[in-house]
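Undergrad: Below you'll find the structure I mean.
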Amino acid sequence: MKTNDTEKCLSSPSGLEPGEWCEHIRLPKMVRLHPIKDELFVITESGKLARWRYTPALTFVDGLETSDINDLTFSSDGQWFAVSAPALRSIDIRSTEDLSLLRQIRNAFTNGEYMFSMCLDQDGSWLVIDSCRKPGELDEEEGLAWIHLQTGEAHARTWPEMDYVDPEELGYGHICQMALSPDQKRLAVNEWKEGSAVIHIFPSLLKGHQRTGSLEERQLSQFAWVDINSNVSDLCFHPDSTCLVCFKTTSMDGWKYDHWRYPSVGAGWVGELITISATRREELWRVPIDSRLTGWERGILEGHYAPHGYAGKVLAGETEVVCTTPNGQLLFFDMKTGEFQRKLKVNGNHIYAIGLHKDGDKIRVATDRELQVIEWK
């Protein structure tokens, strides 16, 4: 089954090869690690998808080209994935076995260019999408929508209905990433607006976790954290859902404009690892990621990682948090204090993605050479 008459298979991965670009923030290209299989999916906003497999070297397997793709998220069992197709005003559910279309979701909330990011709950039942109920009208009603994939039930909330408060009064920005907490009670939203990062934490609004209207929920729904002249390239919840880990970076222009805020930053600076509370508006700790930790002097200060900054990735375990850094390195920090613990060089020059192993006590690291499995300490 095809989404439209122009869909076709890709016979070659031209332009979709994972490379150094994965360490730069390039919104038109994204890479996703399959939650179980040793596979990478590379997608572009122009509508191309390529699947790569570690066999053990990274090898192109297959792909497809359709109208456009703005995001991709896998089911937890890895058997299917959802992609947003704004031009078709649909969410496509596809098999990871052969990329075939299983079904399409179209409703009042799968609206055109406003549908960027999305995330799934643990059961693969509820899909949360960045949405707009009245695109192009004066009252566009931007916000989020929740879609139950089995029943088709859907509901939406506009940003004002979710107590959205704009800390910079610049209007709504671009939703780059969303994540549900492990306990499924909170929804983290990573918003980019005019070069600044804003993290919101909303009630998840999934079935069984409806909003209560408590003061805590209203405060966190406004915004949990903001940092001017910066972007957050990745975020994740701690396994106990009490805090959120972010990799904050910035563009070269942002650095020049705002360098006075970083007196302790050294050569090779690519960003900062930051942990914020998921229950109160509080930053818990912050660590600069520069040559003093990485030993690598190719940073944003030196003119690298344009235009938006270094695309650091993060993963939180029970006692440690890890982030990626240039030259194929992982840095580990104490989860509670942010104290630096250790550095590990993986087999490869570029780290494309990191994720939890299905056993939960190991890390999967996808590089330009192989997919490695590393133990937490």
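Undergrad: Can you list the strands (runs of 3 or more DSSP E) found entirely within region 97-202 that contain at least 2 residues being among the aliphatic types (A, V, I, L, M) and crowded, with 22+ Cβ neighbours inside 10 Å?
TA: In region 97-202, the matching strands (runs of 3 or more DSSP E) lie at 126-132, 142-148, 174-180, 186-193.
Undergrad: Right, another one. Given THR319, THR275, which one is surrounded by fewer than 16 Cβ atoms within 10 Å (Cβ to Cβ) and touching a Phe, Trp or Tyr at 6+ places or on another chain (Cβ under 9 Å)?
TA: THR319
Undergrad: Select, from ARG51, ARG94, the only residue that is basic (Lys, Arg), surrounded by 19 or more Cβ atoms within 10 Å (Cβ to Cβ) and within 22 Å of ALA179 (Cα to Cα).
TA: Step by step, each of ARG51, ARG94 is checked, and only ARG94 is basic (Lys, Arg), surrounded by 19 or more Cβ atoms within 10 Å (Cβ to Cβ) and within 22 Å of ALA179 (Cα to Cα).
Undergrad: Of the numbered conditions (1) over 24 Å from PHE247 (Cβ atoms); (2) open to solvent by 30 Å² or more (accessible area, probe 1.4 Å); (3) among the small types (Gly, Ala, Ser), SER76 satisfies every one except a single condition; which is it?
TA: With respect to (1) over 24 Å from PHE247 (Cβ atoms); (2) open to solvent by 30 Å² or more (accessible area, probe 1.4 Å); (3) among the small types (Gly, Ala, Ser), SER76 is out only on (1).
Undergrad: I'd like to verify a number: residues in region 67-96 that are outside any loop (DSSP other than H, G, I, E, B) and either more than 20 Å from GLY152 (Cα to Cα) or over 22 Å from the mean Cα position of the chain (by Cα) (or both), how many?
TA: Count: 2.
Undergrad: Continuing with the same structure: What is the one condition in (1) open to solvent by less than 10 Å² (accessible area, probe 1.4 Å); (2) farther than 24 Å from GLN122 by Cβ that VAL232 does not satisfy?
TA: (2)
Undergrad: Identify the residue in region 1-26 that is open to solvent by 60 Å² or more (accessible area, probe 1.4 Å) and touching a His at 6+ places or on another chain (Cβ under 9 Å) and, among all such residues, is modelled with the lowest pLDDT.
TA: Per the stated criteria, the residue is ARG26.
Undergrad: Of the residues that make up region 337-348, is at least one open to solvent by 40 Å² or more (accessible area, probe 1.4 Å), farther than 23 Å from TRP255 by Cα, in contact with an Asp or Glu (Cβ under 8 Å, 6 or more places away or on another chain) and of a type in the set (Asp, Glu)?
TA: no
Undergrad: Quick one: which of GLY295, GLY299, GLY303, GLY312 is buried (at least 19 other Cβ atoms within 10 Å of the Cβ) and more than 19 Å from ALA179 (Cβ to Cβ)?
TA: One residue alone meets the criteria, GLY299.
Undergrad: Give just the number: which of (1) surrounded by fewer than 15 Cβ atoms within 10 Å (Cβ to Cβ); (2) part of a strand (DSSP E or B) does TYR352 not satisfy?
TA: Unmet condition: (1).
So that you can scan it fast, the table gives a plain yes or no per residue for (1) in a loop (DSSP other than H, G, I, E, B); (2) of a type in the set (Lys, Arg); (3) within 20 Å of the chain's Cα centre (by Cα):
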{"residue": "PRO307", "(1), (2), (3)": "yes, no, yes"}
{"residue": "GLN341", "(1), (2), (3)": "no, no, no"}
{"residue": "GLY348", "(1), (2), (3)": "yes, no, no"}
{"residue": "ILE363", "(1), (2), (3)": "no, no, yes"}
{"residue": "ALA366", "(1), (2), (3)": "no, no, yes"}
{"residue": "ILE374", "(1), (2), (3)": "no, no, no"}
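The values are calculated or read from the model by the stated rules, or taken from the named source; none is laboratory data. Please read these numbers as outputs of a predicted model, since none were measured by experiment. Virtual Cβ from ideal backbone geometry, glycine too; neighbours counted across all protein chains shown. Keep in mind that these areas ignore ligands, DNA and RNA; they rest on the heavy atoms of the full protein, side chains included. Shrake-Rupley method; radii C 1.70, N 1.55, O 1.52, S 1.80 Å.
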